[in-house]
Amino acid sequence: MQYIKRDMEKLIINTSKEYSAILLYGPRQIGKSTVLENLFKNRTIISLDDLNLRNLAVNDPKMFLEIYKPPLLIDEIQYAPNLFSYLKMAIDRNATPGSYLLTGSQAFKLMKLAGESLAGRVALLHFSPFSQHEIYSDTMLLPFNLNINDLLLRTATYKEADIHEIYRRIYYGSMPNIINNKYSNLNLFYSSYLETYINRDINEENKINNSLKFLNFLTALAARIGQVLNLHNVAGECDISDDTAKRWLELILKSDVVYLLHPYSNNVLKRTIKSPKLYFFDTGLVAYLTKYHTPETLEAGALNGAIFENYVINEIRKTYFNLGYEPPIYYYHDKDGNEIDLLIEENGYIYPIEIKKTNTPNTSMIKAFNILRKSLIPTGNGAVICSYNNVSMLDSNTLIIPAWAI
């Protein structure tokens, strides 16, 4: 299989020159260890998926680090939380930059462990599945923004795609083993992925009494992407208690399978809805869970607008993560029914964005932008991200951006 260059490589290399430890975290099977093995040769590689190695790391972490010396790569380190305090001592003994490369797939747990034991000693990097920039462009990554010159540069270097191609990308998702053609059967891949995820990442540490109900819960969430989250309704549909739904959602969030987009909060905007929206890290997984079997049926189906929105927001998030930034993104929804799909808060300004499947955007889609512009909130250019074929202007303050140019 041909190695595909990752956008985070430059950030990882530069960080390894300053920090003794780097923790690369994100969902399972997105290429965390692969990118580190490609960038850093001649080091010992340990995977704690190996039960014998895990047993040593858990029960005798001091001996583990005496046997396996730096430069060292430890994969799936969340399985041996006791290692973190011993890594702290090893780093404090003047470990050189780049000595310890760590990966893991339980984001919240890892950040808590690293924060408690390795604060100031480890660089935390949130790794993502493939972005469309990584797959379809060989140019330098630019952060997503609404600067017209940057957008024109993107369209000159990215691979153009019509709406059918976009839905093909959405359907096949962003998992490396699918993108690099290691596996061709999507149903088998995602069913195996979920089996591993539920039985290993969930059940090993947080016993699920009914795996089938848990899968139904995950499917119910997939059918609600892009909606304001009502966990009570999801619980009722899945025949589980509200407390169980809350606990299961926390588990899914911790493993990075889903994420929440929170509403924008400002003292000027008094009538905003406070609940978050939910999205999945991979649209291919959504298509599998909601039982769409081809890109064509997905494009024509009831979920087509929501999954297009999920895809666009994923791609925007990846441009930030791959450059080492936390995405400064929110959504707007007030009690009068006004909605804005995405807000980017940067440099003292709010940039409103609507996300629509259409290739004929119009000004009725951006009426809610005026709520921000008439308030005291500094508001920059807006945009409609859609299936239009190139960058254009909807009005003097609003860009049209094709989804393939993110």
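Below 8 Å between Cα atoms, with a sequence gap of 6+, how large is the relative contact order for the chain in percent? Numbers along the way, then the final one.
Working: 659 pairs, mean separation 67.0, N = 406.
Computed over the chain, the figure is 16 percent.
Which percent of Cα pairs goes in each bin when the distances of region 34-126 are cut into 5 angstrom slices starting at zero?
3, 13, 27, 29, 22, 7, 0
Determine how large the accessible area of residue 262 is when every protein chain is in place; take a 1.4 Å probe and give Å² rounded to the nearest 10.
100 Å²
If each DSSP helix of 4+ residues adds -39,500 (n - 2.57) and the sum is divided by the residues in the chain, what number results at 222 nm, nearest 500 deg cm²/dmol?
-11500 deg cm²/dmol
How much net charge surrounds residue 96 when only other residues with a Cβ under 15 Å from its Cβ are counted (Lys, Arg +1; Asp, Glu -1)? Can you show the working numbers first?
Values: positive: 17, 43, 69, 93, 121; negative: 18, 92.
Taking every Cβ under 15 Å from that of residue 96, the sum is +3.
Sum up the charges of everything whose Cβ sits under 13 Å from the Cβ of residue 226, counting Lys and Arg as +1 and Asp and Glu as -1, but leave residue 226 out.
Working: positive: 224, 277, 356, 357; negative: 309, 339, 341, 354.
Result for the local shell: 0.
Restricting to the chain, compute how many DSSP beta bridges are antiparallel as a %, nearest 5. Before the final figure, lay out the partial values.
Values: 18 of 45 bridges.
Rounded to the nearest five, the antiparallel share is 40 percent.
Using a Förster distance of 30 Å, how high is the FRET efficiency between residue 391 and residue 112, based on the Cβ-Cβ distance and rounded to 0.05? Each step should come with its number before you reach the end.
Working: r = 42 Å, r/R0 = 1.40.
Calculated value: 0.10.
Taking 0.36 nm per residue of separation and subtracting the Cα-Cα distance, what length does fully extending residue 376 through residue 273 add? Let's see the in-between values first.
On the way: separation 103, 0.36 × 103 = 37.08 nm, distance 1.91 nm.
Full extension from residue 376 to residue 273 adds 35.2 nm.
Could you sort 117, 396 by their accessible area in this structure, using a 1.4 Å probe and putting the largest first? Walk me through the numbers before you get to the answer.
Values: 117 25, 396 100 Å².
I get 396, 117, largest accessible area first.
Classify region 152-199 as rounded, prolate or oblate, taking a ≥ b ≥ c as the square roots of the eigenvalues of its Cα gyration tensor: rounded when a/c is under 1.5, otherwise prolate if a/b is larger than b/c and oblate if not. Provide the component values of the computation, followed by the final result.
Details: a/c = 2.97, a/b = 2.60, b/c = 1.14.
It is prolate, given that a/c is not under 1.5 and a/b is the larger ratio.
Please compute the per residue accessible area over the chain with all protein chains in place, 1.4 Å probe, rounded to a whole number of Å².
Numbers: 18030 Å² over 406 residues.
In whole numbers, the chain has 44 Å² accessible per residue.
Heads up, I need the accessible area for residue 157: 1.4 angstrom probe, whole protein in place, Å², nearest 10.
For residue 157, solvent-accessible area is about 50 Å².
To the nearest 10 square angstrom, what accessible area does residue 33 show with a 1.4 Å probe?
The accessible area comes out at roughly 30 Å².
For region 1-155, just say rounded, prolate or oblate: build the C-alpha gyration tensor, square-root its eigenvalues into a ≥ b ≥ c, call rounded for a/c under 1.5, and beyond that prolate if a/b exceeds b/c, oblate if not.
On the way: a/c = 2.19, a/b = 1.96, b/c = 1.12.
Taking the square roots of the gyration eigenvalues as a ≥ b ≥ c, region 1-155 is prolate.
What does the charge count near residue 331 come to, summing +1 for each Lys or Arg and -1 for each Asp or Glu among other residues with Cβ under 9 Å from its Cβ? Walk me through the intermediate numbers first.
Numbers: positive: 277; negative: 339, 341.
Every neighbour counted, the sum reads -1.
Pick the calculated Cα Rg over 2.2 N^0.38 Å for this structure from (1) 1.15; (2) 1.01; (3) 1.48?
(2)
Decide, for region 152-236, between rounded, prolate and oblate: order the square roots of the alpha carbon gyration tensor eigenvalues as a ≥ b ≥ c, take rounded if a/c falls under 1.5, and otherwise choose prolate if a/b is larger than b/c, else oblate. Spell out each step's value before the answer.
Details: a/c = 2.81, a/b = 1.62, b/c = 1.74.
Oblate.
Report the FRET efficiency, 1/(1 + (r/R0)^6), for residue 334 and residue 39, where r is their Cβ-Cβ distance and R0 is 45 Å, rounded to 0.05.
Values: r = 46 Å, r/R0 = 1.03.
E between residue 334 and residue 39, to the nearest 0.05, is 0.45.
In cubic angstrom, how much convex hull volume per residue do the alpha carbon atoms of region 77-212 span? Before the final figure, lay out each step's value.
Working: hull volume 25.5 nm³, N = 136.
Cα convex hull per residue, to the nearest whole number: 187 Å³.
If packing is taken as the mean number of other Cβ atoms within 10 Å per residue, what is the order of 178-185, 218-225, 375-382, highest first?
On the way: 178-185: 13.6, 218-225: 20.8, 375-382: 16.6.
In decreasing order of mean packing, 178-185, 218-225, 375-382 become 218-225, 375-382, 178-185.
The values are calculated or read from the model by the stated rules, or taken from the named source; none is laboratory data. Keep in mind it's a predicted model, so treat the numbers as computed, not measured. Counting neighbours? That spans all protein chains shown, and the Cβs are built from the backbone with ideal geometry, glycine included. Keep in mind that these areas ignore ligands, DNA and RNA; they rest on the heavy atoms of the full protein, side chains included. Shrake-Rupley method; radii C 1.70, N 1.55, O 1.52, S 1.80 Å.
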